[in-house]
Amino acid sequence: MPGIAGIFAAAPSPRYEHQLRRMVATLRHRTPSSSALVLVPELGVYAGWVAHDGSYAARQCAEAAAAMPRLALAGECVGPDRSIVDRYAADGDGFVAGLNGLFAGLLIDPVRRQALLFNDRFASERLYTCDHDGATYFASEAKALLAVVPELRHFDDTGVTQFLAFGSTLHGHTLFRGVRLVPGGSLWRFAPGAPVQRERYFTPSQWESLPALSENEFEERLSSVFGGVV
């Protein structure tokens, strides 16, 4: 399926671009699609994206290609028709809290010398990640990681047990040893010379602790939000 893939490296190297090309190739399918690489080796950031032609993600990535911050995006956002790069320019790192939808993305800002990896609140748009040989790898599909890090091609005992018992892996586990799922509501920050800051802009408790709505209030707000989204 379409998606994103990338590498955060401590130091630039041609091998990361080679690995990235292999990762992105695993995300390409037979349906018509657009794709591109987003390479900023001076920051140690190597990324790429694949999206259906004409999709929200393809339009957002294409629009950002001419801007200073660069973007690789999977999924779709709903709400006000503003580009993600414009939201970042207006709101800084807090832009992601204003996004609504199913999405995962990487925004690279050469001016501030940082890259922001983010996903939707409940990780509906999945991101798989692993740390290997001083670099952090991520991708929308686990097979992209397995394509360039052969050491990951072993089943994870905990993940397999969870899958057999519940039909799914839990708590960030996957079926592969060393591969983890990025938690929902994540905002990971990468800057040269520093470890990846793995933060979260949202946790379910933030919504679970809100005051309960009455039946009438719930129906009114649901109708308003649903109508606006549609």
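Looking only at residues in the range 154-169 that are farther than 22 Å from M1 by Cα and not in a helix (DSSP H, G or I), the one that is most open to solvent (accessible area, probe 1.4 Å) is F155.
Scanning the range 170-199 for residues that are crowded, with 16+ Cβ neighbours inside 10 Å and in a loop (DSSP other than H, G, I, E, B) gives H173, T174, R177, G178, V179, V182, P183, G184, G185, A191, P192, V196.
Return yes or no: is W207 in contact (Cβ under 8 Å) with a residue 60 or more places away in the chain and closer than 24 Å to F103 by Cβ? No; evaluated as a whole, the condition is false for this residue. Of all residues in the range 111-148, those being part of a loop (DSSP other than H, G, I, E, B), without any contact (Cβ under 8 Å) to a residue 40 or more places away in the chain and either closer than 19 Å to S13 by Cα or aliphatic (A, V, I, L, M) (or both) number 1.
Here the condition is being in contact with a strand residue (DSSP E or B) (Cβ under 9 Å, 6 or more places away or on another chain), open to solvent by 60 Å² or more (accessible area, probe 1.4 Å), outside any loop (DSSP other than H, G, I, E, B) and not small (G, A, S); of E151, E219, it holds for E151 alone. If the condition is being over 20 Å from C130 (Cα atoms) and free of Cβ contacts under 8 Å to residues at least 24 places away in the same chain, then the range 15-36 contributes R28, R30, T31, P32, S35. Taking the criterion of being of a type in the set (V, I, T) and without any contact (Cβ under 8 Å) to a residue 24 or more places away in the chain, the only residue of the range 178-204 that qualifies is T203. A residue that is part of a strand (DSSP E or B) and open to solvent by less than 20 Å² (accessible area, probe 1.4 Å) occurs somewhere in the range 57-72. With respect to A135, is the statement that it is modelled with pLDDT under 95 and over 16 Å from the mean Cα position of the chain (by Cα) true? So A135 does not fit the description; no.
Conditions tested, residue by residue: (1) open to solvent by 10 Å² or more (accessible area, probe 1.4 Å); (2) at pLDDT 95 or above; (3) in a helix (DSSP H, G or I).
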site: F8; (1), (2), (3): no, yes, no
site: L20; (1), (2), (3): no, yes, yes
site: A74; (1), (2), (3): no, yes, no
site: D81; (1), (2), (3): yes, no, no
site: V96; (1), (2), (3): no, yes, yes
site: L106; (1), (2), (3): no, yes, no
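When L37, L71 are checked against the criterion of being farther than 17 Å from N119 by Cβ and in contact with a helix residue (DSSP H, G or I) (Cβ under 8 Å, 6 or more places away or on another chain), L37 stands alone in meeting it.
The values are calculated or read from the model by the stated rules, or taken from the named source; none is laboratory data. All of these numbers come straight from a predicted model, not from anything done at the bench. Neighbour counts run over all protein chains shown; Cβ positions are idealised from the backbone, glycine included. Keep in mind that these areas ignore ligands, DNA and RNA; they rest on the heavy atoms of the full protein, side chains included. Shrake-Rupley method; radii C 1.70, N 1.55, O 1.52, S 1.80 Å.
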